[in-house]
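*Asks:* Pasting a structure below so you can have a look.
Throughout, read-outs are computed from the coordinates displayed, never taken from laboratory work. All of these numbers come straight from a predicted model, not from anything done at the bench. In this analysis, Cβ positions are derived from the backbone assuming ideal geometry, glycine residues included, and neighbour counts consider all displayed protein chains.
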Ligand SMILES: Cc1ncc(COP(=O)(O)O)c(C=O)c1O
């Protein structure tokens with residue numbers, strides 16, 4: 001892939017100029033924390049400064065920016081703005097789901113082995129409280145998570161809580177097939193799409209999941225502690241885990257807030273986290289989401305698919321390092337599997353050369369984004385060559 005132009009149809013040229021990344025840094029670790037684009041950094045600076053002059057913050061500001069961001073996120077997953085709530089963390093979003101889904105002692109909650117903890121602990125807790133069984137699908141030898149998961153969905157399944165791709169190595173889960181299986185047995189589908197939304201298409205109108213939680217500080221290029229929870233319309237009359245004033249009907253009228261209301265704002269807004277009108281961070285999320293929508297998820301995903309595909313092929317060819325086969329891997333996400341495990345010193349050696357990746361489970365994650373260049377990849381392979389040959 002050339003740095004200078006989009007040679008492969010949809011692929012984007014490197015967008016490094018839009019980020020504050022020094023030339024000698026090869027940051028291939030979006031799955032850890034993405035860098036903020038310059039435009040988002042400026043928006044955050046302006047947002048934080050508003051608190052220095054609170055007389056400039058008016059009642060409408062508590063609503064306008066949040067509603068813009070709600071709609072931008074909704075557009076990203078083909079949802080309606082009404083179906084999106086603000087959740088600061090995936091654990092918070094899953095707590096909203098776990099608080100509301102009825103489950104019986106005879107039923108099972110199904111997850112994947114080595115799944116990210118924020119989509120595990122809420123379900124372990126629910127199982128403990130209700131006597132339902134907590135089940136984790138073993139890692140399939142052939143990386144076919146979809147078939148493995150389907151074989152666990154039957155009449156006893158109450159909840160399926162999974163990601164769109166595995167956070168250790170990008171192993172892909174076909175959510176349309178899983179959702180159809182859930183529907184056929186009356187199970188509820190909860191998705192943690194933190195490691196995919198923004199870099200891999202996810203269409204809630206096609207999939208029809210029940211809940212989808214997304215943290216924004218990775219593939220949404222957004223701030224820490226401002227995330228989202230998609231809630232299917234059929235759950236929007238459920239009970240939120242907390243009760244904040246802005247989620248109630250009529251909250252726009254500050255003078256009338258003591259006229260307590262039993263009714264909520266419309267749609268999923270009742271699930272918004274308290275103090276969701278975050279003047280410092282909301283503009284950051286807005287700027288980053290606009291950038292992603294401008295690039296389009298399709299072009300981002302194609303760019304990253306080509307990038308990770310080339311790295312996977314070279315790692316296999318030059319060093320015999322395996323990864324999930326392309327057709328079973330999310331295009332943006334690569335986990336390198338070294339026979340005998342990731343050499344313990346390798347991440348340290350890479351960091352010493354300003355090459356940033358991360359180890360999770362048995363895989364070394366290489367997760368590039370549109371700021372990366374061919375040079376970054378050369379730096380990665382220079383260290384691999386020095387350490388492995
Ligand atoms: C798959 C996945 N989900 C969620 C998170 C973050 O969870 P939380 O927002 O609860 O801190 C991460 C962070 O690494 C993750 O990899």
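*Asks:* Between residue 239 and residue 50, how high is the FRET efficiency from 1/(1 + (r/R0)^6) when r is the Cβ-Cβ distance and R₀ = 41 Å? Nearest 0.05.
*Replies:* The calculated FRET efficiency here is 0.80.
*Asks:* Springs between alpha-carbon pairs under 10 angstrom, Gaussian network model over the chain: which of 334, 289, 126 fluctuates most?
*Replies:* Comparing 334, 289, 126 in a Gaussian network model of the chain, the most mobile one is 126.
*Asks:* Shifting gears a bit: Please work out the Cα center distance from segment 123-166 to segment 349-373, rounded to the nearest Å.
*Replies:* 29
*Asks:* Here is a follow-up. Fewest to most neighbouring Cβ within 10 Å: what's the order for 281, 72?
*Replies:* 72, 281
*Asks:* Over segment 199-281, calculate the relative contact order: mean separation of alpha carbon pairs under 8 Å at least 6 apart, over the residue count, as a percent.
*Replies:* The normalised contact order for segment 199-281 reaches 23 percent.
*Asks:* What value in Å³ per residue do you get for the convex hull of the alpha-carbon atoms in segment 79-195?
*Replies:* Working: hull volume 12.4 nm³, N = 117.
Spread over its residues, the Cα hull of segment 79-195 gives 106 Å³ apiece.
*Asks:* Provide the FRET efficiency to the nearest 0.05 for the residue 299-residue 381 pair, computing r from the beta carbons and using R0 = 25 Å.
*Replies:* Here the calculated transfer efficiency is 0.45.
*Asks:* Now for a separate question. Hey, with R₀ at 22 Å, roughly what FRET efficiency would residue 184 and residue 104 work out to, going by the Cβ-Cβ distance, to 0.05?
*Replies:* Working: r = 18 Å, r/R0 = 0.84.
With R0 = 22 Å, the Cβ-Cβ based efficiency is 0.75.
*Asks:* Taking just the alpha carbons, could you work out the radius of gyration and Dmax for the chain, both in angstroms?
*Replies:* When restricted to the Cα atoms of the chain, Rg and Dmax are 21.6, 72 Å.
*Asks:* I've got another one for you. Quick one: divide the alpha-carbon radius of gyration of segment 150-299 by 2.2 N^0.38 Å and tell me what you get. Before the final figure, lay out each step's value.
*Replies:* On the way: Rg = 17.6 Å, N = 150, 2.2 N^0.38 = 14.8 Å.
Against the compact-globule rule of thumb, the ratio is 1.19.
*Asks:* Arrange 211, 254, 62 by Cβ neighbour counts within 10 Å, fewest through most, would you?
*Replies:* Ascending Cβ contact count within 10 Å gives the list 254, 62, 211.
*Asks:* For the chain, calculate the relative contact order in percent as a whole number, restricting contacts to Cα pairs under 8 Å that are 6 or more residues apart.
*Replies:* That works out to 26 percent.
*Asks:* Of 348, 71, 38, which has the largest mean-square fluctuation in a 10 Å C-alpha GNM of the chain?
*Replies:* Answer for the Gaussian network model of the chain: 348.
*Asks:* What is the distance, in nm, between label points placed 7 Å from the Cα along the Cα-to-Cβ direction at residue 322 and at residue 25?
*Replies:* 3.5
*Asks:* As a footprinting exposure proxy, order 260, 224 by other Cβ within 10 Å, with the fewest listed first.
*Replies:* Least crowded to most crowded, the residues run 260, 224.
*Asks:* If I model a spin label at residue 275 and residue 67 as a point 7 Å from the Cα along the Cα→Cβ vector, what separation in nanometres do I get?
*Replies:* 2.4
*Asks:* Here's a follow-up. Could you check which residue among 59, 179, 81 shows the biggest mean-square fluctuation in a GNM of the chain with a 10 Å Cα cutoff?
*Replies:* Result: 59 has the largest fluctuation of those listed.
*Asks:* Can you bin segment 233-389 into rounded, prolate or oblate? Criterion: square roots of the alpha carbon gyration tensor eigenvalues sorted a ≥ b ≥ c, rounded for a/c under 1.5, prolate for a/b above b/c, oblate for the rest.
*Replies:* Prolate.
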